[in-house]
Amino acid sequence: MQRLKQKIENEGVVVSESVLKVDGFLNHQIDPIMMQEIGEEFTSRFANEGVTKIVTLESSGIAPAVMAGLSLGVPVVFARKSKSLTLTDHLYSADVYSFTKQESNQISVSTDYLSKDDIVLLIDDFLANGQAVLGMVSMLEQAGSALAGIGIVIEKGFQDGGAILRSRGIQVESLAIVDSLANGEVTFRDEKAS
Ligand code: G4P
Ligand code: NA
Ligand code: NA
């Protein structure tokens with residue numbers, strides 16, 4: 001998605017060889033016009049999958065997920081994060097390990113909002129090692145929901161998540177794939193889609 005790549009080039013900050021800061025339009029301040037285009041792009045890439053619901057993870061996944069939900073005309077569920085959930089009744093849940101933070105967090109969704117009748121599009125802002133998305137996939141399995149595919153705003157192509165998910169045969173559509181952050185520069189993968 002050209003406009004997104006331009007935005008990353010103009011406003012993204014390369015924090016290190018592995019971290020790209022995009023607080024100006026995705027992770028702190030949100031650009032609603034671009035987010036609407038992102039939602040429409042996800043819709044066009046998953047238009048024929050019979051999606052009934054979008055699932056994302058709080059907090060930064062919510063904006064692109066809501067825009068995709070608006071465009072597809074389906075509800076959006078965000079998984080909640082919590083460190084110590086004692087009550088797991090009426091919840092689908094999964095442990096998600098963060099390599100960056102070196103800690104595990106439990107994520108959960110109420111059993112009220114996912115069922116075996118759902119065909120789910122998973123959306124997230126970043127794809128790095130894929131642990132958050134794999135946690136969401138596990139919750140869909142618990143619910144018996146079908147997975148239509150995964151929509152990612154920015155994939156870090158030099159980390160493992162994309163390969164892990166695609167090797168499972170999952171359709172992963174990333175709107176920008178960053179292949180390198182070396183020398184303070186963002187290098188995108190050439191192809192226009194996944
Ligand atoms: P990691 O262990 O492979 O680094 O990834 P993890 O999935 O644990 O990511 C931790 C948080 O950092 C996630 O947000 C994820 O979206 C975000 N993230 C990972 N890599 C980058 C990056 O290069 N740039 C930016 N801006 N974010 C990155 P989170 O903690 O769930 O926060 P939230 O923003 O969704 O609230
Ligand atoms: Na984040
Ligand atoms: Na995220």
What residue, among those in region 1-32 that are within 19 Å of the chain's Cα centre (by Cα) and aliphatic (A, V, I, L, M), is farthest from ligand 3 (Cβ to nearest atom)?
1
Within region 64-92, residues modelled with pLDDT of 95 or more, over 9 Å from residue 110 (Cα atoms) and among the hydroxyl-bearing types (Ser, Thr, Tyr) come out as 71
Could you tell me whether region 43-54 includes any residue that is among the hydroxyl-bearing types (Ser, Thr, Tyr), more than 14 Å from ligand 3 (Cβ to nearest atom) and either in contact with a Ser or Thr (Cβ under 7 Å, 6 or more places away or on another chain) or not in a loop (DSSP other than H, G, I, E, B) (or both)?
yes
Go through the residues of region 129-146 one by one and say whether even a single one is within 15 Å of ligand 3 (Cβ to nearest atom), in a strand (DSSP E or B) and at negative phi.
no
Tally of residues being without any contact (Cβ under 8 Å) to a residue 24 or more places away in the chain and under 13 Å from residue 151 (Cα atoms) across region 48-68:
1
Which one of 156, 101 is of a type in the set (Lys, Arg), within 12 Å of ligand 1 (Cβ to nearest atom) and touching a residue at least 60 places away in the same chain (Cβ under 8 Å)?
156
Top-ranked residue in region 24-62 [being farther than 30 Å from residue 92 by Cα and within 16 Å of ligand 2 (Cβ to nearest atom); ranked as surrounded by the fewest Cβ atoms within 10 Å (Cβ to Cβ)]
29
Residue check for residue 93: hydroxyl-bearing (Ser, Thr, Tyr) and touching a residue at least 60 places away in the same chain (Cβ under 8 Å):
no
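The values are calculated or read from the model by the stated rules, or taken from the named source; none is laboratory data. Since this is a predicted model, take the numbers as computed values, not measurements. Because the Cβ atoms are built from the backbone with ideal geometry, glycine has one as well, and the counts that use them run over all protein chains shown.
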